[in-house]
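The values are calculated or read from the model by the stated rules, or taken from the named source; none is laboratory data. For clarity, every value in this text was computed on a predicted model and none was experimentally measured. Using ideal geometry, Cβ is built from the backbone for each residue, glycine included, and neighbour counts are taken over all protein chains shown.
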Amino acid sequence: MSKETREWLSQNSLIGFTDQRGNAWHYREGDNNHFSGPVPMERVKQLFDYPIEEATLTASIQDGDEIRTFEVPDRKAIVRTDTGKTFGVFSTNGYKMHMPQEWLIDNLELITDAGLNVGSAISLEGGAVVAVQAELEETRDGVEGIKHRPHLTAATSFNGTMSTIYLRGTQIWVCDNTLQGALHEGDAFRVKVRHSRNSLDPIGAVRENLGFLVEQAGDEFDAELRRLLDEHVSDERWADFTKAYSGFDEDAEDGRGKTIAEGKIATLNRLWTVDERVAPWKNTAYGVVAAVNTAVHHEFTVRGAERAERNALRELTGEWAKIDTSTLDLLAQV
């Protein structure tokens, strides 16, 4: 891990229950940002304690030697005032900020009847996206020895990239990978609340829509795990899958594209045969999902973002559910 990555993690990420997560959580380890038990609430509040304000807008034009400035009355900017970073520009009457204390911390306690503890918290894109994840203290022993940690995530943004969301998922103990709900139905496990003055759902309705029992989420995930573990994947089918996934064409001329495809196949084969995060479930559909999910989480090259930041954004935007679904769809075709 580079010095820059460790610094970013130290400043923007909190990770709890490390004694319950195996060894894979270390890619998120910074200085003084991890805890053997739940993340202390005061640390969560400190992470989100930066000033965000609505700012008026003006527009300027060059008129000969003179600069003329005009007010923009129907637009406002959302600005982090300690850094000067503008998160977004919105309609004056159409956008309402959802502050982390109320919409993440307070609402999580209401949704769960304060029955869960903070397992992680993160600030992304300079504070424009924030999230809190609540978990049970003990790791769940799932089918075939697959330990996982069902959780509830609450997240919001100040840059217009996402609504405030509440979603269920689970974290696989051995690899720290996120799997959202029953793998094939990630969208069924999220509720979105728009940043609108006229569409702020009462939190009781959010709770009713989600049916938020984390134990129930664990039961549903275990049922999906059983289905995937019961589906046999032969070595030949696995080879066909890796070629299709990587885009490998043995008849293509040697070049960068072919080299990249061969590298992806080699990574997937290593995970499939010898890596503890995947190999125990080799020759099953779950093993295929675990191989791709682990490779994308931890192995494949990351460009333009910290790995922990990219992984967290993918969970909040539903990308992990799409990745798992596309993996299963591709498997069905080979």
Suppose we filter G186, G169 for residues that are modelled with pLDDT of 75 or more and buried (at least 22 other Cβ atoms within 10 Å of the Cβ); which single one remains? G169
Out of the residues in the stretch 134-161 that are more than 18 Å from E220 (Cβ to Cβ) and buried (at least 20 other Cβ atoms within 10 Å of the Cβ), which is modelled with the lowest pLDDT? A154
In the set T267, T273, T259, which member is under 24 Å from R314 (Cα atoms) and assigned to a helix (DSSP H, G or I)? T267
One residue is enough: does the stretch 94-114 have a residue meeting the conditions among the polar types (S, T, N, Q), under 21 Å from T317 (Cα atoms) and part of a strand (DSSP E or B)? no
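Just wondering, is there one or more residues in the stretch 64-76 that are in contact with a strand residue (DSSP E or B) (Cβ under 7 Å, 6 or more places away or on another chain) and modelled with pLDDT under 90?
First, pick out the residues of the stretch 64-76 that are in contact with a strand residue (DSSP E or B) (Cβ under 7 Å, 6 or more places away or on another chain): 67-72, 74-76.
Of the ones still in play, those that are also modelled with pLDDT under 90 are none.
Within the stretch 64-76 (the criterion being in contact with a strand residue (DSSP E or B) (Cβ under 7 Å, 6 or more places away or on another chain) and modelled with pLDDT under 90), the answer is no, since none of the residues qualifies.
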When the stretch 23-62 is checked residue by residue, the ones that are over 16 Å from R80 (Cβ atoms), outside any strand (DSSP E or B) and of a type in the set (S, T, N, Q) are N23, N32, N33, S36
Quick one: how many residues across the stretch 288-323 are more than 20 Å from N23 (Cβ to Cβ) and modelled with pLDDT of 90 or more? 3
Being farther than 16 Å from A128 by Cα, buried (at least 17 other Cβ atoms within 10 Å of the Cβ), in contact with a Ser or Thr (Cβ under 8 Å, 6 or more places away or on another chain) and of a type in the set (F, W, Y) narrows F35, F48, F70 down to just F35
Residue under evaluation R80, criteria (1) more than 16 Å from S123 (Cβ to Cβ); (2) at pLDDT 90 or above, criterion not met: (1)
Using beta carbons and a limit of 8 Å, which pairs, at least six apart or on different chains, have the first residue in the stretch 260-284 and outside the structural domain of I146 (by TED's automatic domain parsing) and crowded, with 19+ Cβ neighbours inside 10 Å and the second one of a type in the set (S, T, N, Q) and not in a helix (DSSP H, G or I)? R277/N177
Of E109, E125, the only residue that is at pLDDT below 80 and surrounded by fewer than 20 Cβ atoms within 10 Å (Cβ to Cβ) is E109
Residues being under 19 Å from T86 (Cα atoms) and touching a residue at least 60 places away in the same chain (Cβ under 8 Å) - total across the stretch 126-156: 3
Confirm whether I15 is in the same structural domain as V129 (by TED's automatic domain parsing), touching a strand residue (DSSP E or B) at 6+ places or on another chain (Cβ under 7 Å), more than 17 Å from G126 (Cα to Cα) and among the β-branched types (V, I, T). yes
Among residues of the stretch 285-334 being buried (at least 21 other Cβ atoms within 10 Å of the Cβ) and aromatic (F, W, Y), the residue nearest to R227 (Cα to Cα) is Y286
Can you report the number of residues in the stretch 246-256 which are within 22 Å of V296 (Cβ to Cβ) and assigned to a loop (DSSP other than H, G, I, E, B)? 3
